[in-house]
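Before any comments, here is the structure.
Readers should treat all values here as calculations from the given coordinates under stated rules, not as data from a laboratory. Keep in mind that this is a model prediction, so the values were computed, not measured. Cβ coordinates were reconstructed from backbone atoms using ideal geometry, including for glycine residues, and neighbour counts include every protein chain displayed.
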Amino acid sequence: MRRLRALARYFDKGRRRDLAAAMAARDRLDWSEAERFYRNILVRDPDQPKIQMQLARVLKSAGRLEEAEQALRAAILLAPNEPETYFQLGQLFKLQSRSEDAVDAFAASIARDAGANRARRELIAHGARHRLPESAYGRSAATASLGRISGALQSGLDELQEFLVVSAYPAEAYDAFRRAYPIQPPPADAGSTGDVTVRIDALGATPALVRTSLISLLDQVDRSWRGVVFVSEAAAAHAVASFACVDERLAFVTPGSAPPLGLDADAPLIMLSAGTLLNPHAVGWLRYALSRTSAAAVTCDHDRYTEHWRRGMVHLDPVLRPVPDREEIASSLAAPAILIVKGAVSLLAPVDDEPADEARRRVLQRAISAPGGVAHLPRILASIPPDEVSPTRIDPARTEPLAATIRVIIPTRDQAGPLAACVKSLTLRAARPERLEFVIVDNRSVESRTRRLLRRLSARPGIAILTVDEPFNWSRLNNLAASLDGEPDILVFANNDVEMLVEGWDERLRQSFADDEIGIVGAKLLYPNLTVQHAGVILGGDDGRPVHEGVGAPDAEPGPLGRWSHRRTAAAVTGAFLVTSRTAFFEAGGFDPSLAIAYNDIDFCLKVRATGRRVLYDGALKLLHHESLTRGLNDTSAKIAWDDSELRDLYRRWGGALLKDPGVNPQWSSAAGRPFEGFQDPSLHRVLESLDASAHNPWKVSQAKTSTEDQT
């Protein structure tokens with residue numbers, strides 16, 4: 001027995017000695033020595049999961065990733081419920097770009113510890129919020145997170161971010177989100193009094209759908225309304241018409257009949273289709289929003305529902321609208337399910353053979369140009385049946401384009417192959433190549449292949465080479481080319497690593513700029529594997545930083561409300577392919593040379609918006625983008641520091657305008673640079689702030705009054 005105890009002491013002493021030696025070797029980055037000592041420990045005692053994890057970290061640091069994975073899997077066999085091991089395995093897979101394996105590992109980590117913040121953030125960053133267990137998001141998780149904030153004020157900012165992350169619901173848990181956050185009533189000062197007229201379009205609808213809408217109307221908390229239901233002769237004789245006998249506020253009207261007597265000609269009008277289920281606070285909220293904003297019309301958000309008589313209702317497919325504008329109203333795939341119009345009893349009767357959703361769209365198109373315009377209330381106040389399908393929309397008709405001259409400006413430093421492909425694709429896919437002129441800005445190219453290419457290009461009509469022998473400054477290079485002799489109507493600023501994919505792209509641009517309100521047009525950019533690299537820029541999306549929409553999504557994926565595939569007003573677009581009219585460019589003062597690399601495109605978009613013109617994203621314009629071939633990515637501390645310094649200056653200049661995007665509904669959540677990845681319940685202050693802004697052209701911005709302007 002004494003010999004056994006002595007042997008145990010010997011092994012324990014040897015283990016401590018080897019462990020200290022391994023840690024010392026690791027501290028001096030001597031990975032081979034650290035590995036040797038960790039393996040010595042495991043030879044004596046192989047059942048050591050923590051030593052296996054340390055060995056895996058050393059192997060990973062040495063670049064031996066397959067062996068590191070083997071060590072982590074050995075640790076998992078020894079301690080299958082340790083969340084940290086799964087997290088480290090996920091990090092290893094992440095290094096190898098094995099995204100699916102990484103998501104599985106992070107999900108396994110958080111399944112063993114619902115409070116594993118790092119694993120939760122990694123899942124969200126990988127677009128896998130749906131893999132979070134229910135205990136890791138929603139009201140209960142948010143409450144627990146808020147408790148941690150109260151108990152640890154010294155780390156308040158980090159914990160507040162944690163609260164925002166966990167309070168959002170993944171897209172797959174939308175029904176749970178609706179149950180957890182029911183719509184609250186409008187503020188007590190509910191605005192105007194008097195009846196609201198509610199028009200229910202029920203021509204061709206089944207009596208059951210009519211009944212659904214009537215029941216929800218009768219359940220309204222705000223009871224100051226008059227309902228007019230437009231039905232067929234057959235429906236007027238159905239039992240559903242007996243609702244008018246039960247409640248005198250209801251009237252059923254058939255085609256050709258006069259509207260009921262006693263309607264107030266100045267009363268606001270709410271429009272919806274039979275089958276639409278109103279939230280109990282819908283009438284109150286819409287009345288309040290119309291009174292508060294003095295808009296000509298107010299829209300809100302909706303979703304779809306399925307219902308079983310015993311199991312109840314399930315909500316799905318929310319339609320969270322951006323701030324309304326002509327582009328959004330005309331091209332959105334989903335017409336508003338419900339809206340309120342000021343003093344519009346003249347619109348009460350439906351137009352013959354006009355679908356109800358098209359009637360609502362027509363009313364909005366009229367209201368958008370009226371005094372007050374159209375405001376948007378970011379509240380889900382209506383639900384529509386799942387079998388109601390909105391028709392496919394096409395881009396709105398536009399003014400006949402002029403034969404405008406287009407100048408394409410391409411800064412380059414070597415990269416002859418991509419440059420040649422760029423010029424060729426733009427030329428071959430143009431409808432009027434004779435109306436194109438190219439200015440290629442040669443910024444210190446040294447390769448003989450590039451020089452030969454530039455000589456060949458300069459011999460072609462319509463192509464000029466501007467040589468600029470000075471340090472790279474994207475803004476200055478483009479300004480110099482834009483200021484050359486000649487008066488092109490449209491300026492295209494293109495990276496040398498893009499290739500046009502769309503036939504007739506130039507005619508599409510001429511058509512857009514026939515509208516004087518358009519100042520900038522941006523395009524959909526795809527990686528070579530045909531996933532999205534840019535579908536517009538969202539401001540304030542990732543810790544306040546501008547982020548690209550749709551990154552990594554398949555080209556065919558339309559995005560929320562089809563926003564990645566059609567024309568829409570955007571907060572900003574990338575400078576990799578940015579198009580502007582000559583007038584808008586010089587009116588805004590061109591690009592700012594003090595922003596030499598990173599945020600010159602965002603600044604220019606804000607300057608153009610400040611003049612009252614709009615930035616347009618056109619998802620039908622598509623280009624391949626071999627991202628950052630010339631300069632490279634922000635993958636060093638020096639590049640990141642430069643990027644942050646430009647962002648700081650941009651914020652000092654624009655303040656809150658850099659953080660607010662009218663095109664993003666505040667009920668969407670965003671994390672780790674991934675917008676539209678879940679749902680959150682905005683505060684009443686945020687709802688009213690968004691409502692007020694929507695009624696006063698939030699696309700037009702102004703510079704910050706001071707460099708220290710406080711933001712809400």
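Once you sort the root eigenvalues of the Cα gyration tensor of segment 658-701 as a ≥ b ≥ c, which label holds: rounded (a/c under 1.5), prolate (a/b larger than b/c) or oblate (the other case)? Cα axes put segment 658-701 in the oblate bin. Quick one: of Lys424/Lys622; Lys424/Lys524; Lys622/Lys660, which pairs are farther than 22 Å apart, Cα to Cα? Violating the 22 Å limit, Cα to Cα: Lys622/Lys660.
How about Lys50: which lysines have a C-alpha closer than 26 Å to its C-alpha, ignoring those fewer than 8 places off in the same chain? Once the sequence-local lysines are set aside, what remains near Lys50 is Lys13, Lys60, Lys94. For Glu557, project a label point 7 Å along Cα to C-beta. Then give me every residue of segment 509-530 with its amide nitrogen under 20 Å of that point. The answer is 523-530, whose backbone nitrogens lie closer than 20 Å to the label point.
Under 8 Å for C-alpha pairs, at least 6 residues apart: give me the relative contact order for segment 406-634, rounded to a whole percent.
For segment 406-634, the relative contact order is 25 percent.
Cross-link reach is defined here as a Cα-Cα straight distance under 12 Å, omitting same-chain residues fewer than 8 places apart; for Lys607 the aspartates and glutamates meeting it are Glu587, Asp592.
Multiplying the residue separation of Ala349 and Thr427 by 0.36 nm and subtracting their alpha-carbon distance yields 22.8 nm. Once the other residues with Cβ under 11 Å from the Cβ of Arg451 are scored (Lys, Arg +1; Asp, Glu -1), what is the net sum? Net of charged neighbours comes to +1.
Neighbours of Asp555, meaning other residues whose beta-carbon lies under 12 angstrom from its beta-carbon, give a summed charge of +1 when Lys and Arg score +1 and Asp and Glu score -1.
How would you classify segment 70-142 from its alpha-carbon gyration tensor, with a ≥ b ≥ c the square roots of the eigenvalues: rounded for a/c under 1.5, else prolate if a/b is greater than b/c, otherwise oblate?
oblate
Arranged from highest to lowest average of other beta-carbon atoms within 10 Å per residue, in what order do the peptides 285-295, 405-415 appear?
285-295, 405-415
Working note: 222 nm ellipticity from helices only, DSSP H runs with n ≥ 4, each -39,500 (n - 2.57), summed and divided by the residues of the chain, gives -12000 deg cm²/dmol to the nearest 500. In the neighborhood of Leu78, defined by Cβ-to-Cβ distances under 12 Å, what is the net charge if each Lys or Arg adds +1 and each Asp or Glu adds -1? Residues close to Leu78 contribute a combined charge of -1. Net length available on complete extension from Arg460 to Lys639 is 60.7 nm, with 0.36 nm assigned per residue and the Cα-Cα distance removed.
Each Cα pair under 8 Å and six or more residues apart adds its sequence gap; the mean of these over the residue count of the chain is a relative contact order of 11 percent. Take the Cα of Asp543, step 7 Å toward its Cβ, do the same at Arg652, and the gap between the two points is 2.1 nm. For the chain, what does the alpha-carbon gyration tensor say about shape, rounded, prolate or oblate, given a ≥ b ≥ c as the root eigenvalues, a/c under 1.5 as rounded, and a/b over b/c as prolate? In terms of gyration-tensor shape, oblate.
Mean sequence separation of contacting Cα pairs (under 8 Å, at least six apart), scaled by the length of segment 196-384, corresponds to a relative contact order of 28 percent. Under the simplified labelling scheme, the Glu507-Leu65 pair shows an inter-label distance of 4.7 nm, with each label point 7 Å from Cα along Cα→Cβ.
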